[in-house]
Amino acid sequence: MTVDTDKTTGPAGTPPAGPEAIKAIPVRHYGRYVSAVIALALLGGVVYAFSQGKIEWDAIPNYFFDDRILDGVGKTLLLTVLAMAIGIVGGILLAVMRLSKNPVTSSIAWFYIWFFRGTPVLVQLIVWFNLGLVFEYINLGPFYKDEWSDFMTPFLTALLGLGLNEAAYMAEICRAGLLSVDEGQTEASHALGMSHAKTLRRIVIPQAMRVIVPPTGNEVINMLKTTSLVSVVQYPELLRAAQDIGQTSGAPAEMLFLAAAWYLLLTSVFSVGQYYLERYYAKGSTRQLPPTPLQKIKANLLSLGRPNGGTA
Amino acid sequence: MTDKLAKKDTPAKDTTVPMVKAEGVHKSFGQVEVLKGIDLEVKQGEVFCLIGPSGSGKSTFLRCINHLEKINAGRLYVDGELVGYRQKGDKLYELKDTEVALKRRDIGMVFQRFNLFPHMTALENIIEAPVQVKGQNKAQAKERAMQLLERVGLADKAANYPSQLSGGQQQRVAIARALAMEPKLMLFDEPTSALDPELVGDVLDVMRDLAQSGMTMVVVTHEMGFAREVGDSLVFMDGGVVVESGNPRDVLTDPQHERTKAFLSKVL
């Protein structure tokens, strides 16, 4: 913003008493103007093409809050939340198992992660759906007994398929987080007479969260989108609902745009939530908390006006 | 650092049981033998300094005292009780983790790298163990923590996170944190080695003050001035053995062994 090197007067610039402030003409970045024009032209072209295409844009607002769509959104959210819950709990469990000194538990965890990360989630979903070929009945003694096909509803298939797959990824994220905490922290905690469990809960995990939260946020957003895969097991989530409407209303492509808009909206909301969660776990790690999105937008708007870009 | 405080008038409470007693303590990391038979005794109420070149095993020995490291041979006693084991007849039984934790409550430790909990304020760092381990009520623990912060000269920093404190301030909070458990023995592992020279004095002042209150302290240090002024006993270690021991003033001014002389000529 300023090339003023004088420290005594400040950028406002009363005539400096000491060394004369440098007044130079800033470098003109012509390339930036050119690239901006090209980018805007391309963007305009794409927007124009879509506006001229045979797409009935009116259909999207008409159906945006359709009951079936809202029901699908609700199911997508429910599936995301529950599958992530299974993933996180399972992931923590697997991470602790992998880090344990017991070779049996750590090998089992390793095998689990190897298997579930090594096969596509779509395949896993279909396999869960078809496990009735292997297990004809499910029998939990006195508690529960039923035929597999009745037990394994589309919802449960989707939930288990997504959740168990997610657990494998979360396990690695959690393990990385736990390993990122300095050993001195555990030592200090033990030296104070704290037990292993208390050390983990009070000292290690809160610090590991700083490493765990950002990739977990990504996982949540990924999960939200991956739920669209479960349309293959006949679960009526957002994409399936949109496709169904598309087939009956005669506007199939429009309904896909509608679904995309909903996914975008939901992931945006999650991103904001993730930001504040990260901010919470950053406490103590930086001298100053990072700015909130609003503060950031303000800063970015201000920096746009700067000839040399600004490094906000 | 320059002001010579009067030595405390009761150097040792002269109780019969030594606070720390080591008999032929051996410790190996894999193939590397770090401690090759350490014998020493720390009396109640005494300030016991361990000096020596890096790699001599002094920090390792300190960490054995509160069982952060397991010894491979020999016996180590704190306040008359075996560290890490229980003896029944002629058999040794490993203590359970909970039993080890119980014993560690009475032994405070201060680390070279402070190891404050970065996600807690200074005050929260100090009350953590009393509340979580001893089950003290929070208000009481806070009151006591404020007294301790005052004692180390940091009452105004109670709400600050470690990252907002200088190294010297962090180390003083770490000392307060250890003291909050009301230990009978304090272990210092090169407490001033990671500090700017300017900040060393503040930490040593706190330690000097603690020594005068009669706390038993085992101090691994490179601060010869501190050892001479405050120490009651001094041990020079090299290559995993005790080379020379005695009164700090005697050892530091008139070392008997060639190795001690060579070491001191470099650091003094």
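Things to note:
- Within 10 Å of each Cβ in A:192-202, the average number of Cβ atoms from other chains: 6
- Prolate/oblate/rounded label for chain B (Cα gyration tensor, a/c 1.5): oblate
- Distance between the pseudo-spin-label points of A:Glu136 and B:Glu182 (7 Å out from Cα toward the beta carbon): 7.0 nm.
- When the trypsin sites (Lys or Arg not before Pro) in region B:60-90 are filtered for DSSP coil states and for at most 16 other beta-carbon atoms within 10 Å of their beta-carbon, the remaining sites are B:Lys70.
- Scoring A:135-141, B:236-242 by mean Cβ neighbours within 10 Å over their residues and listing the highest first yields B:236-242, A:135-141.
- Among A:Tyr144, A:Tyr169, A:Tyr275: highest mean-square fluctuation, GNM of chain A, C-alpha pairs under 10 Å: A:Tyr144
- Between the C-alpha center of region B:165-186 and that of region A:208-272 there is a gap of 52 Å.
- Here is what passes the span test in chain A: the DSSP H helices with alpha carbon length of 20 Å or more along the helix axis and a Kyte-Doolittle mean of -0.5 or above are A:30-52, A:67-99, A:103-118, A:154-180, A:205-226, A:252-281.
- Prolate/oblate/rounded label for region B:136-268 (Cα gyration tensor, a/c 1.5): prolate
- Gyration tensor (alpha-carbon) shape descriptor, region A:89-244, a/c threshold 1.5: prolate
- The GNM of chain A, with springs linking C-alpha atoms under 10 angstrom apart, assigns the highest mean-square fluctuation among A:Glu166, A:Glu219, A:Glu20 to A:Glu20.
- GNM result for chain A, Cα springs below 10 Å: residue of A:Ile22, A:Ile297, A:Ile245 fluctuating most strongly: A:Ile22
- For the protein assembly as shown, Kirkwood radius (reciprocal of mean inverse C-alpha pair distance, Å): 29.7
- Considering all different alpha carbon pairs of chain A, the Kirkwood hydrodynamic radius works out to 24.6 Å.
- Averaged over peptide B:97-109, the number of partner chain Cβ atoms lying within 10 Å of each residue's Cβ comes to 3.
- Average partner coverage of B:116-122, which counts Cβ from other chains inside 10 Å: 6
- Over 31 Å (Cα to Cα) - which of B:Lys27/B:Lys261; A:Lys54/A:Lys298; B:Lys27/B:Lys96; B:Lys138/B:Lys184 fall in this group: A:Lys54/A:Lys298
- Seen from A:Met194, the other residues with C-beta closer than 9 Å to its C-beta sum to a net charge of +2, counting Lys and Arg as +1 and Asp and Glu as -1.
- Partners for A:Lys23 among lysines (Cα-Cα distance below 24 Å; same-chain residues under 8 apart left out): A:Lys7
Bear in mind that the values in this text are calculations on the coordinates, not laboratory data. Keep in mind that what you see is a predicted model, and the values were worked out from it rather than measured. All Cβ positions, glycine included, derive from the backbone under ideal geometry; neighbour counts span all protein chains shown.
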